[in-house]
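Starting off with a structure, shown below.
The values are calculated or read from the model by the stated rules, or taken from the named source; none is laboratory data. This one's a predicted model, so the numbers in the text were calculated from it and none came from an experiment. Because the Cβ atoms are built from the backbone with ideal geometry, glycine has one as well, and the counts that use them run over all protein chains shown. Side chains are part of the model used for accessible areas, which takes the heavy atoms of the whole protein and leaves out ligands, DNA and RNA. Shrake-Rupley method; radii C 1.70, N 1.55, O 1.52, S 1.80 Å.
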Amino acid sequence: MKVYDMPDERGHFGPFGGVFVAETLVEALEELRVMYEKYRHDPEFLAEFAYDLKHFVGRPSPIYHAKRLSEKVGGAQIYLKREDLNHTGAHKINNTIGQALLAKRMGKPRVIAETGAGQHGVATATIAARLGLECVVYMGAEDVKRQAPNVFRMKLLGATVVPVESGSKTLKDALNEAMRDWVTNISNTFYIIGTVAGPHPYPMMVRDFQAVIGIEAKEQMQEMIGRQPDAVVACVGGGSNAMGIFYPYIDVEGVRLIGVEAGGHGLHTGQHAAPLTANSPIGVLHGNRTYLMQDEDGNIIETHSISAGLDYPGVGPEHAWLKDIKRAEYVAITDDEAMAAFHNLCRTEGIIPAMETSHALAHAEKMAKTMSPDQVVLVNLSGRGDKDINTVARLANITL
Amino acid sequence: MSRIQSVFSALKAQGKKALIPYITAGDPHPDQTVTLMHTLVSSGADMIELGVPFSDPMADGPVIQRASERALVHKMGLRKVLEMVKTFRETNQATPIVLMGYANPIEAMGSAKFVALAKEAGVDGVLTVDYPPEECEAFNRELADAGMDSIFLLSPTTEPSRTELIVKQATGFLYYVSLKGVTGAANLDITEVKKRVAEIRKQTTLPIGVGFGVKDAATAREVAAIADAVVVGSRMVLAIEGSDANNLISNVQTLMKELRTAIDSV
């Protein structure tokens, strides 16, 4: 059997990935690459990581059979991997703990992060507080407005939140600004990237730290139904929750992997954040080569999604590769479809999902309808929707 | 001999150092760029670094970011930048032009097409900020085949083993980034720069330009004493930003003359 083994030594997933940064960042990335190689198989490091995942995050997260939703949809059985039950309410914490433990071993007293919806910022601020690290979070000024509760959470946890006023004032600009901070403060600062993008080793490292989701899911599905699901579905912005659940399944035959991008107002309108589904051209941004939403001059175009966490013009390079080798499929779900799935899960299962996750749920419903009741779709319920209640209320013209 | 090499050897013969101003193409308005380029030359530039605007200039500080944003308002893209160089070359065949920018606009155009158009327009060198040598060998060969130079950055954190790798691919000159940070950041530490430039000279005979922190005539003089070229970016862009249509040219001239005098006083 051919075993999947990616990326190569310099972080390439076929033509994607790599290290596309200014010379000023090269040594810092090299230091990180060497340190991560040293610790990724180190039993003591892995034991500390596992301990925190169990006792601080509350892992393993359960898998739940959404029976009423499955019945209502009619078709395949829908199962949910409950990352929403993690400490801080999303999968993001898995990765921030891994990177913060690495920062500690590298003797860096200061961590920085970029954030879109604020989940990664909260997860970084959380572990920074627990480990006594100084924490600065860059967030697009637009997102600061959209996600006020998470901004306040970060501040409660002792982090400094810096609103980024440049460019489109969203996630990509926050990432630019975090990179600028890092290059200026390299000697004492560790940059905790929140998704499977950025220069090598980030896409690989974030995937490895998130792979706990898929590793657990494989065991749990075996226990619950005696086999693996027919399909695994997850939402994709940068793609960390999807990579986390997909990765351990890549070599498992018969399991379809489906990434769900943000279709925004619909692909035909151009207002979306679905570079893979829309067949965007390949380009270079944020240190790696991948599919990128851009204009004919190669400038990055503004994306649209109802969910700040998916509002990103690129996608992690490993997803680009999985698309090209046809191991994973990518589809888009519109804002409206995601909202409908959001309400559906609230009412039928008593679970308020994150708006990002609602995209995966919407596609799972579509798929399940075309499948038989003895088939199984596993959805990565990547986060809970408490952070989104203001947005949902606003859409319904309700003032809280 | 490339235009860049000729300039450096002519200056060396005269015992002078090169002044390389940076402007972003299309800032403050595309109509003014070619005029500004001629102004830079007439007020003392030995070479021009022309920035290609990009939506996500990760290695640049706020000053050059704003210049990119001003240019992008006018839909200033790589194709138009090359047209400007072509127009500039109609009346100036002597001053080397180095394009400085990011990889994505080049990849969007396609590297072969870019190299052909750049050559035709009269570009002399290309500095692609986010193309470290490991990721751009093929592109470098294309540039070399077309007779254009590949300019590379060296940073305060670049180890000697890595400098070795870079100088193997670099042609024209090397650009030493004088501080840890983005363009236009804090003041440079001249003692440290002196030490590093001396170390780099042990590994290469290429001319060395220093930039990223030259804020005034005094720093320009200090840098000129150490390096073969002084690159002035954010300070130049600030002068443009602080001008209106009436005093743009005279403000740029004033700054250029200050810098030229300082550099020539070494």
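Through the Karplus equation 6.51 cos²θ - 1.76 cosθ + 1.60, θ set to phi - 60°, convert the phi angles of the range B:53-61 into ³J(HN,Hα) values in whole Hz; use x for Gly and Pro.
x, 9, 5, 10, x, 4, 8, 9, x
Calculate how many DSSP beta bridges within the range A:176-331 are antiparallel, expressed in % of all such bridges and rounded to the nearest 5.
In the range A:176-331, DSSP labels about 40 percent of beta bridges as antiparallel.
Convex hull over the alpha-carbon atoms of the range A:1-72: what's its volume per residue in Å³?
Measuring per residue, one finds 240 Å³ for the Cα hull of the range A:1-72.
Taking every eigenvalue of the Cα gyration tensor of the range B:97-143, multiplying by 5 and rooting it, what semi-axes result, largest first, whole Å?
Each semi-axis is the square root of five times an eigenvalue, giving 16, 11, 10 Å.
Another question about this same structure. On the Cα set of the range A:46-85, report Rg and Dmax in Å, please.
For the range A:46-85, the Cα-based Rg and Dmax read 14.5, 43 Å.
Quick check on the range B:18-73: what does the Kirkwood estimate of hydrodynamic radius come out to from the alpha carbon pairs, in Å?
By the Kirkwood definition, the hydrodynamic radius is 11.6 Å.
Given the convex hull of the Cα atoms of the range B:82-167, what is a quarter of its surface area in nm²?
Its average projected convex-hull area is 6.0 nm².
Around A:Leu381, under 11 Å between beta carbons, what's the net of Lys plus Arg minus Asp minus Glu among the other residues?
Computed value for this residue: -1.
Under a 5 Å amide H to amide H cut-off, with H placed in plane at 1.01 Å, what residues pair with A:Gln294 once short-range neighbours are removed?
Distant-sequence amide H within range of A:Gln294: A:Ile301.
Read phi for every residue in the range B:227-244 and hand back ³J(HN,Hα) as whole Hz from Karplus 6.51 cos²θ - 1.76 cosθ + 1.60, θ = phi - 60°, with x for Gly and Pro.
9, 8, 8, 10, 9, 10, x, 4, 4, 5, 5, 4, 4, 5, 4, x, 10, 10
What FRET efficiency comes out for B:Ala225 versus A:Ala129 if R0 is 35 angstrom and r is the Cβ-Cβ distance? Round to the nearest 0.05.
0.10
Let me ask something else about it. Rounded to two decimals, what ratio of Rg to Rh does the range A:335-386 give with C-alpha atoms and a Kirkwood Rh?
0.97
Under 10 °C and 1.306 mPa s, how fast does the range A:162-212 diffuse according to Stokes-Einstein, given a Kirkwood radius computed over C-alpha pairs? Answer in µm²/s, whole number.
132
How crowded by other chains is B:49-57, given as the mean number of beta carbons from other chains within 10 Å of each beta carbon?
Per residue, the average neighbour count from other chains is 5.
Now a separate question. Summarise the accessible area of chain A (1.4 Å probe, protein heavy atoms) by the percent that is carbon and sulfur.
Reported share for carbon and sulfur atoms: 53 percent.
To check you understand DSSP bridge types, tell me what percent of the beta bridges within the range B:108-239 (both residues inside) are antiparallel, rounded to 5.
Expressed as a percentage, antiparallel bridges in the range B:108-239 total about 0.
Then there is this: Just for the Cα atoms in the range A:1-127, what are the lengths along the principal axes, largest first, rounded to whole Å?
Extents along the principal axes: 56, 36, 32 Å.
How about the range B:91-115: which of its residues lose at least 30 Å² of accessible area in the presence of all protein chains relative to their chain isolated, using a 1.4 Å probe?
B:Asn104, B:Glu107, B:Ala108
Among residues other than B:Met76 whose Cβ falls under 10 Å from its Cβ, what is the net charge (Lys/Arg +1, Asp/Glu -1)?
Net charge in that neighbourhood comes out at +2.
Let me ask you something else. Using Cα pairs closer than 8 Å and at least 6 residues apart in sequence, work out the relative contact order for the range A:1-134, in percent.
The normalised contact order for the range A:1-134 reaches 16 percent.
Next question, about the same structure. What is the set of long-range amide H partners of A:Gln77 at a cut-off below 5 Å, with H atoms built 1.01 Å from backbone N?
Amide H neighbours of A:Gln77, under 5 Å, 5+ apart: A:Gln375, A:Val376, A:Val377.
Something else about it: Along the range A:71-77, what does the Karplus equation 6.51 cos²θ - 1.76 cosθ + 1.60 (θ = phi - 60°) give for ³J(HN,Hα), rounded to whole Hz, x for Gly and Pro?
5, 5, 5, x, x, 5, 7
Next question, about the same structure. Rounded to the nearest 0.05, what FRET efficiency do A:Asp336 and B:Asn187 have when you use their Cβ-Cβ distance and R0 = 51 Å?
0.45
Please report the equivalent ellipsoid semi-axes of chain B, computed as sqrt(5 x eigenvalue) of the Cα gyration tensor, largest first, in whole Å.
Output for chain B: semi-axes of 24, 23, 18 Å.
Let me ask something else. In peptide A:180-193, what is the residue-averaged number of other protein chain Cβ atoms found within 10 Å of each Cβ?
Mean inter-chain Cβ contacts per residue within 10 Å come to 3.
When you count, for each residue, the other Cβ atoms within 10 Å and take the mean per peptide, how do A:88-97, B:57-66, A:62-71 rank with the highest first?
The peptides rank, most packed first, as A:88-97, B:57-66, A:62-71.
Just give the residues from the range B:123-152 buried by at least 20 square angstrom of accessible area in the all-chains context relative to the isolated chain, probe 1.4 Å, and say none if nothing qualifies.
So the qualifying set is B:Val129, B:Asp130, B:Pro132, B:Glu134, B:Glu135.
Where both partners of a DSSP beta bridge lie in chain A, what percent of those bridges are antiparallel, to the nearest 5?
Around 30 percent antiparallel, to the nearest 5.
Same structure, new question: In square nanometres and to one decimal, what's the mean projected area of the convex hull around the Cα atoms of the range B:25-155?
7.8
Provide the gained length on full extension for the span A:Arg256 to A:Glu296, in nm with one decimal, where the gain is 0.36 nm per separating residue minus the Cα-Cα distance.
Net length gain for the segment: 11.0 nm.
Would you mind giving the mean number of other chain beta-carbons within 10 Å of the Cβ of each residue in A:60-68, as a whole number?
Averaged over the peptide's residues, the number is 0.
How much accessible area per residue does chain B have, counting only protein heavy atoms and a probe of 1.4 Å, in square angstrom?
37
Then there's this: What percent of all Cα-Cα pairs in the range A:96-243 falls in each 5 Å bin, counting up from 0?
Result returned by the calculation: 2, 10, 18, 21, 19, 13, 7, 5, 4, 1, 0.
Out of the total accessible area of the range B:148-266 (probe 1.4 Å, heavy atoms of protein only), what percent is carbon and sulfur?
That share works out to 52 percent.
So how much accessible surface do B and A hide from each other in total, probe 1.4 Å, in square angstrom to the nearest 100?
Buried area (both sides, nearest 100 Å²): 2900 Å².
Could you order the peptides A:173-183, A:223-233 from most to least packed, using the average number of other C-beta atoms within 10 Å per residue?
Top to bottom by mean Cβ count within 10 Å: A:173-183, A:223-233.
Would the range A:308-400 count as rounded, prolate or oblate if I go by the C-alpha gyration tensor, calling it rounded below 1.5 in a/c and otherwise prolate when a/b exceeds b/c, oblate otherwise?
The shape class here is oblate.
Here is a further query. What is the magnitude of the charge dipole of the protein assembly as shown about its Cα centre, with +1 placed on the Cβ of each Lys and Arg, -1 on the Cβ of each Asp and Glu, and no other charges, expressed in debye to the nearest 20?
The calculated dipole for the protein assembly as shown is roughly 680 debye.
To check my understanding: the extent here is largest minus smallest coordinate of the Cα atoms along each principal axis. What are those three numbers for the range A:229-343, in Å, largest first?
Each principal axis gives a Cα extent; for the range A:229-343 these are 41, 36, 20 Å.
Hey, can you find the accessible area per residue of chain A for me, probe 1.4 Å, expressed in square angstrom?
Spelled out: the 1.4 Å probe surface of chain A, per residue, equals 35 Å².
Using alpha-carbon positions, what is the distance between the centroids of the range B:53-79 and the range A:106-168, in Å?
Each part's Cα centre sits 26 Å from the other's.
Could you tell me what % of all Cα pairs in the range B:130-266 have separations over 28 Å?
In whole percent, the long-distance tail amounts to 24.
Would you work out the Kirkwood radius for the protein assembly as shown? I mean one over the mean of 1/r across all pairs of different Cα atoms, in Å.
Its Kirkwood hydrodynamic radius stands at 25.9 Å.
Would you pull out the residues with amide H under 5 Å of B:Gly51's amide H, same chain only if 5 or more places away, H placed 1.01 Å from N?
Those qualifying (amide H under 5 Å, at least 5 residues apart or on another chain) are B:Ile23, B:Thr24, B:Ala25, B:Met100.
Can you figure out the FRET efficiency of A:Arg40 with A:Glu165, using R₀ = 41 Å and their beta-carbon distance, to the nearest 0.05?
0.65
Pull up the cross-link candidates among the lysines for A:Lys218, meaning alpha carbon to alpha carbon under 17 Å and not fewer than 8 places away within one chain.
Qualifying lysines at Cα under 17 Å: A:Lys81.
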